[in-house]
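Just below is one structure, and these are the notes that go with it.
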Amino acid sequence: MTTRSTCPPVTRKQIGRVNFIIPTPEQPSDVCFGEKDLSELLIETKLGLIYKRPTKAKGVVSGQQAPIKPAPPKL
């Protein structure tokens with residue numbers, strides 16, 4: 001696939017646990033969720049190629065949903 005990415009730029013890195021590793025032929029330069037329901041993982045490479053992978057997770061567009069407020073801790 002040779003379409004250009006519409007992913008927003010990555011502005012920060014989040015520290016967390018690795019859930020899976022997706023091998024790509026080239027080194028990735030950007031990753032985001034896409035498609036209508038944000039259930040496809042889009043990986044853009046440094047050469048501008050885009051790889052898609054369906055996921056069970058669904059992304060959320062920032063600013064379009066109210067923040068999730070956790071329950072108060074039970075002490």
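Derivation of every value follows stated rules applied to the coordinates shown; laboratory data play no part. It should be emphasised that the depicted structure is a prediction, and the values quoted were computed from it without experimental measurement. Cβ sites come from the backbone with ideal geometry, for glycine too, and all protein chains shown count toward neighbours.
The packing ranking, built from the mean of other Cβ atoms within 10 Å per residue, places the peptides 21-29, 36-44, 66-74 in the order 36-44, 21-29, 66-74, highest first. The charge dipole of the stretch 22-75, taken about the Cα centre with unit charges on the Cβ atoms of Lys, Arg (+1) and Asp, Glu (-1), comes to about 360 debye, rounded to the nearest 20. Extension gain, LYS74-GLN27: 0.36 nm per intervening residue step, less the Cα-Cα distance, totals 12.4 nm.
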